[in-house]
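One structure is given below, encoded as structure tokens.
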Amino acid sequence: MAILKVITALKINTCKLIYMLSIAVLITACNGSDSVSDKQHTTSTKRDSTLQTAAVSSANIDLKDGRAQAVYEHYSLMQKALVAGDSLEAKVAALAIEVGSKDWAEGHVLKSKAQVLANTSTLERQRTLFADFSLEMITLIKKSQLQSGDLFVQYCPMALDNKGAYWLSSDKEIRNPYYGASMLNCGENKEHLNGQ
């Protein structure tokens with residue numbers, strides 16, 4: 001039911017929907033092999049748990065603009081995928097943002113950035129692109145009026161070769177998308193955005 005709400009909110013056309021579902025099936029098929037090692041199974045289980053947590057966390061956020069809401073939910077999934085080191089899930093989230101930002105004046109910059117991110121094949125490059133993407137998302141969220149929930153603008157001073165980078169999270173606890181497990185808690189909350 002939640003998927004149908006997102007699809008409706010994003011106004012996804014049939015071709016894009018089929019493409020996104022094909023990617024999801026491919027990901028599932030690749031992870032569903034009988035020869036998957038215990039380590040891969042554990043990683044897959046952790047990733048699924050992380051992404052389910054992202055869906056619950058983003059469900060507590062309510063933005064005035066419905067499109068901004070749908071885009072934020074996929075942004076949250078992308079952020080959690082990068083934390084988990086899951087390049088494929090980050091691509092799927094970026095593709096959903098690209099589709100959801102189509103024909104949306106406020107989302108034209110996000111659309112182009114999401115398209116580049118969706119076409120990037122390495123996790124490191126996705127993480128680098130996520131920094132600019134996050135700055136756009138922070139600006140969009142501030143303009144879209146958070147009606148309820150809490151969002152945190154978080155910052156890692158060591159990201160991007162010590163240049164530093166920001167991201168949004170609905171969790172106060174730091175989960176660094178730029179380093180994932182290697183430096184999971186590196187960062188700090190810089191700003192707290194809360195609903196009116």
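Pairs only if they're at least six apart or on different chains, beta carbon under 8 angstrom, first in the range 85-114 and in contact (Cβ under 8 Å) with a residue 40 or more places away in the chain, second of a type in the set (Asp, Glu) and in a loop (DSSP other than H, G, I, E, B); list them, first residue then second.
So the pair list comes out as 106/65.
Here's a check for you: in the range 59-82, which residue that is more than 10 Å from the chain's Cα centre (by Cα) and part of a helix (DSSP H, G or I) is farthest from residue 114 (Cα to Cα)? Outline the logic, then answer.
Filtering the range 59-82 for residues more than 10 Å from the chain's Cα centre (by Cα) gives 59-70.
Now drop any that are not part of a helix (DSSP H, G or I), which leaves 59, 66-70.
On the way: 59: 21, 66: 18, 67: 15, 68: 14, 69: 16, 70: 14 Å.
For the range 59-82, the residue satisfying everything is 59.
Among the residues of the range 132-143, are any in a helix (DSSP H, G or I), under 15 Å from the mean Cα position of the chain (by Cα), of a type in the set (Phe, Trp, Tyr) and modelled with pLDDT of 95 or more? Show your work before the answer.
Taking the range 132-143 and keeping what is in a helix (DSSP H, G or I), we get 132-143.
From what's left, under 15 Å from the mean Cα position of the chain (by Cα): 132-138, 140-141.
Okay, now just the ones that are also of a type in the set (Phe, Trp, Tyr), so 133.
With modelled with pLDDT of 95 or more added as a condition, the list becomes 133.
Within the range 132-143 (the criterion being in a helix (DSSP H, G or I), under 15 Å from the mean Cα position of the chain (by Cα), of a type in the set (Phe, Trp, Tyr) and modelled with pLDDT of 95 or more), the answer is yes, since at least one residue qualifies.
Do the conditions hold for residue 181, that is, is it within 13 Å of the chain's Cα centre (by Cα) and either in a helix (DSSP H, G or I) or modelled with pLDDT under 95 (or both)?
Values: within 13 Å of the chain's Cα centre (by Cα): no; either in a helix (DSSP H, G or I) or modelled with pLDDT under 95 (or both): yes.
Here the answer is no, as residue 181 does not meet what is asked.
The values are calculated or read from the model by the stated rules, or taken from the named source; none is laboratory data. For clarity, every value in this text was computed on a predicted model and none was experimentally measured. Using ideal geometry, Cβ is built from the backbone for each residue, glycine included, and neighbour counts are taken over all protein chains shown.
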